[in-house]
Each structure stands twice: as C-alpha cells, then as structure tokens.
Amino acid sequence: MTLLASPCCKADLAALACTRCGQTYPSHGGVPVLLDEATRASAAHERFDAKYRGDDPDPWGYLDSAAEAMKYEFMVETISQLLPGRDAPVADIGCAQGLLAARLPELSTRAVAIDLSVHAVARLKGRLEVAAASALALPFYERSMQVLVLSDGLVSWGLDPQQRVAAVREAARALAPGGRAVFVEYLNPKRHHELTDAVRGGGLEIDRVHYLDDRLWYVTESMFRSLSGTRPYLAVARSRGWARALKGVSKLLGPKGSKHLCVVGRAG
Ligand SMILES: C[S@@+](CC[C@H](N)C(=O)[O-])C[C@H]1O[C@@H](n2cnc3c(N)ncnc32)[C@H](O)[C@@H]1O
Ligand SMILES: [Zn+2]
C-alpha cells in the first residue's frame with residue numbers, strides 16, 4: 001500500500017488527483033511530482049533539479065569522502081535502532097540520488113524517498129517508493145510515519161528560519177505519536193544551535209543530539225582541496241583509517257570537534 005498522500009490536503013491520491021480538493025499533479029518518467037506550481041517554478045527547485053539533470057552519478061562529491069560514508073553508516077545504525085519493526089514506515093526527505101535511501105529497504109518494507117528534484121528521485125525508482133515533493137508540504141498522511149530523516153538538510157537547503165520551523169511542523173504532523181525525526185546538518189559548531197532551535201520551534205521534543213566528530217577531517221580536506229581529483233588526494237579522502245584517526249582527535253574537542261551533528265526529535 002502506498003505511503004503517499006496528496007501534499008495539499010493529506011488525502012488519498014487517485015490517478016494523481018487529490019480526492020479531497022481535486023488538485024492534480026503531473027508525473028515525470030513515471031515518478032509522481034507532488035509539488036505545487038509555485039514550488040515547481042521556484043529558483044530553489046531549478047537550482048537543485050539542475051544538479052541531477054545530467055548523468056553525474058555524484059553531484060555533491062560524496063562518493064570520494066570517507067567522512068560522508070561514515071555519516072551514512074551512522075544514520076543507518078541510528079534509524080535501525082529507532083524503527084520498532086520491519087513494517088514501520090520510514091521516509092528520507094531530501095534524499096538526493098539516494099545514498100541513504102537506497103539502504104532503507106534493508107531496514108523496513110515500508111520505505112519512501114522524496115526530494116524537491118524529480119531527476120534525483122528518478123534514480124531510485126524501482127528500489128523503494130519515490131516522489132518529488134517538498135519538506136514544506138509533505139505528501140504523507142497525518143500521524144502516519146514512524147521515522148523521518150532530513151539530512152543536509154534543514155539549514156543547508158537555504159530555507160529561512162520560519163520555513164525551517166514550518167518544515168519541522170510538517171514532520172511533526174506526519175509522525176505517529178512517539179515517532180522520531182532524524183535531522184543531520186553540516187554546520188560550523190557556532191551555528192549548531194540553528195538546527196536545535198528549529199527542531200524545538202517546530203514542536204518536537206529533542207530526544208538526543210549526536211556529534212559526528214568530523215571537524216578535523218573537513219579542515220584537512222579543505223587544506224588539500226586544490227589537489228582534489230589527484231590519486232594521493234583520493235587515497236587520503238577515501239581512507240577510513242585516516243578518517244577514524246582524525247575522528248579520535250576531534251572527539252577530544254567535544255561538540256566543537258564536529259561539523260555534522262544529528263538531532264533526534266520526538267513527536268508527542
Ligand atoms: C546536499 S543534498 C543532501 C542529500 C542527502 N539527504 C544526504 O544527506 O546526503 C540536499 C538535497 O535536498 C533537496 N532539497 C532541497 N530543498 C528541499 C526541500 N524543500 N524539500 C525536499 N528536498 C529538498 C535537494 O534537491 C538535494 O537533493
Ligand atoms: Zn487537496
């Protein structure tokens with residue numbers, strides 16, 4: 001059974017029409033585009049969708065980064081601990097080309113991935129349920145989801161503070177009581193509070209905050225970025241051993257030793 005509802009009324013969709021208000025939605029290459037016209041015409045939509053229209057398999061340069069690979073492993077572990085069973089519904093919101101979303105079917109038989117870009121989610125078609133949709137108008141029924149993931153993320157999507165809070169409210173609305181939203185963000189430690197402020201402002205209780213202890217990895221990566229693409233750079237950037245060594249040192253700095261933080265919010 002589908003996990004997707006109309007983003008306008010959170011009602012059933014029949015042939016991509018909202019059964020409550022009649023709003024219709026297009027599809028692209030067989031993927032539902034559950035976005036209103038204003039969002040489809042927005043600069044943000046164009047900017048993000050353009051990233052995926054070509055055939056670059058890695059538009060954010062994540063595949064060569066041991067820090068990113070370790071971030072995804074941490075998230076898979078975190079989500080698996082939060083899901084009460086194999087049939088608990090889970091969604092990745094802003095899934096990009098799906099480095100995390102592709103792993104959700106291992107954790108749940110009811111997994112869905114959405115992104116503002118239809119070209120991004122099209123890359124995941126056939127592996128789990130997908131749709132183009134916005135975090136600001138989620139295509140999920142009220143209180144229907146057990147775990148929602150919003151990673152890189154609420155702050156980096158370029159939403160203003162009010163929109164961030166509105167996105168958290170949408171997540172809170174779609175979560176079943178006791179369900180969790182997992183927010184991950186890459187931020188200078190001085191700005192970590194922007195994520196926790198938005199989570200609290202949107203009505204979720206903060207369950208826990210994890211720091212990924214990856215600041216030194218990103219500091220050293222930026223020092224050597226002029227070499228990016230060269231063999232020595234790639235060997236170091238992909239090295240788990242190097243990433244783990246820097247993580248051990250970053251950890252000594254406490255929260256200041258992390259660029260990525262993970263905030264788990266709980267729905268009441
Ligand atoms: C930097 S990528 C992060 C991808 C992934 N979640 C991760 O952690 O690796 C950000 C993604 O969020 C999507 N995005 C931006 N604004 C969004 C919004 N309002 N709703 C849903 N997705 C959005 C973009 O299209 C892009 O694919
Ligand atoms: Zn409607």
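The values are calculated or read from the model by the stated rules, or taken from the named source; none is laboratory data. None of these values were measured; they are calculated from a predicted model. Backbone-built Cβ (ideal geometry, glycine too); neighbour counts: all protein chains shown.
When every residue of the stretch 156-173 is checked against the conditions, at least one turns out to be of a type in the set (Ser, Thr, Tyr), within 18 Å of the chain's Cα centre (by Cα) and at pLDDT below 95.
Considering Asp58, Asp92, Asp87, which residue is in contact (Cβ under 8 Å) with a residue 12 or more places away in the chain, of a type in the set (Asp, Glu) and either in contact with a Pro (Cβ under 7 Å, 6 or more places away or on another chain) or farther than 30 Å from Glu37 by Cα (or both)?
On the way: Asp58 fails: either in contact with a Pro (Cβ under 7 Å, 6 or more places away or on another chain) or farther than 30 Å from Glu37 by Cα (or both); Asp92 fails: either in contact with a Pro (Cβ under 7 Å, 6 or more places away or on another chain) or farther than 30 Å from Glu37 by Cα (or both).
Result of the check over Asp58, Asp92, Asp87: Asp87.
Any residue at all in the stretch 62-81 that is at pLDDT below 95, within 9 Å of ligand 1 (Cβ to nearest atom) and surrounded by 16 or more Cβ atoms within 10 Å (Cβ to Cβ)? Yes; the residues of the stretch 62-81 include at least one that is at pLDDT below 95, within 9 Å of ligand 1 (Cβ to nearest atom) and surrounded by 16 or more Cβ atoms within 10 Å (Cβ to Cβ).
Within the stretch 148-188, how many residues turn out to be among the hydroxyl-bearing types (Ser, Thr, Tyr) and crowded, with 23+ Cβ neighbours inside 10 Å?
First pass over the stretch 148-188, keeping only residues among the hydroxyl-bearing types (Ser, Thr, Tyr): 151, 156, 186.
Adding the requirement that they be crowded, with 23+ Cβ neighbours inside 10 Å leaves 151.
Residues that pass the stated criteria total 1.
For the subset of the stretch 120-136 comprising residues that are surrounded by fewer than 24 Cβ atoms within 10 Å (Cβ to Cβ) and within 9 Å of ligand 1 (Cβ to nearest atom), which member is nearest to Ser156 (Cα to Cα)? Per the criteria, the residue is Ala135.
Residues in the stretch 213-265 that are touching a strand residue (DSSP E or B) at 6+ places or on another chain (Cβ under 6 Å) and of a type outside the set (Gly, Ala, Ser): Asp214, Pro255, Lys259, His260, Leu261, Cys262, Val263, Val264. I'd like to know if the stretch 201-211 contains one or more residues that are aliphatic (A, V, I, L, M), at pLDDT 95 or above, out of contact with any Pro (no Cβ under 6 Å at 6 or more places or on another chain) and surrounded by fewer than 24 Cβ atoms within 10 Å (Cβ to Cβ). There is at least one residue in the stretch 201-211 that is aliphatic (A, V, I, L, M), at pLDDT 95 or above, out of contact with any Pro (no Cβ under 6 Å at 6 or more places or on another chain) and surrounded by fewer than 24 Cβ atoms within 10 Å (Cβ to Cβ). Within the stretch 13-43, restricting attention to residues that are of a type in the set (Val, Ile, Thr) and outside any helix (DSSP H, G or I), the residue that is nearest to Ser134 (Cα to Cα) is Val33. For the stretch 124-234, the helices (runs of 4 or more DSSP H) that sit wholly inside it and include 1 or more residues that are closer than 21 Å to Glu46 by Cα are 161-174.
Evaluating Ala41 against the criteria (1) within 16 Å of ligand 1 (Cβ to nearest atom); (2) within 17 Å of the chain's Cα centre (by Cα); (3) not acidic (Asp, Glu) leaves one unmet condition, (2).
For the stretch 83-101, check the following and say yes or no: at least one residue is in contact with an Asp or Glu (Cβ under 6 Å, 6 or more places away or on another chain), not in a loop (DSSP other than H, G, I, E, B) and not aromatic (Phe, Trp, Tyr). The answer is yes; a qualifying residue exists.
In the list Ala172, Ala137, Ala198, Ala176, which residue meets the criterion of being touching a residue at least 12 places away in the same chain (Cβ under 8 Å) and within 16 Å of ligand 2 (Cβ to nearest atom)? I'd like the intermediate steps shown before the answer.
Details: Ala172 fails: within 16 Å of ligand 2 (Cβ to nearest atom); Ala198 fails: within 16 Å of ligand 2 (Cβ to nearest atom); Ala176 fails: within 16 Å of ligand 2 (Cβ to nearest atom).
On inspection, the qualifying residue turns out to be Ala137.
Can you find a residue in the stretch 102-118 that is assigned to a loop (DSSP other than H, G, I, E, B), touching a residue at least 24 places away in the same chain (Cβ under 8 Å) and within 13 Å of ligand 1 (Cβ to nearest atom)? For the stretch 102-118, residues assigned to a loop (DSSP other than H, G, I, E, B), touching a residue at least 24 places away in the same chain (Cβ under 8 Å) and within 13 Å of ligand 1 (Cβ to nearest atom): present. The number of residues in the stretch 229-250 being free of Cβ contacts under 8 Å to residues at least 60 places away in the same chain and farther than 18 Å from Glu73 by Cα comes to 9. Which of the residues that make up the stretch 1-38 are within 12 Å of ligand 1 (Cβ to nearest atom) and within 17 Å of Cys95 (Cα to Cα)? Within the stretch 1-38, Leu34, Leu35 qualify. Scanning the stretch 44-61 for residues that are in a loop (DSSP other than H, G, I, E, B) and either near ligand 1 (Cβ under 8 Å from one of its atoms) or touching a Phe, Trp or Tyr at 6+ places or on another chain (Cβ under 7 Å) (or both) yields a count of 2.
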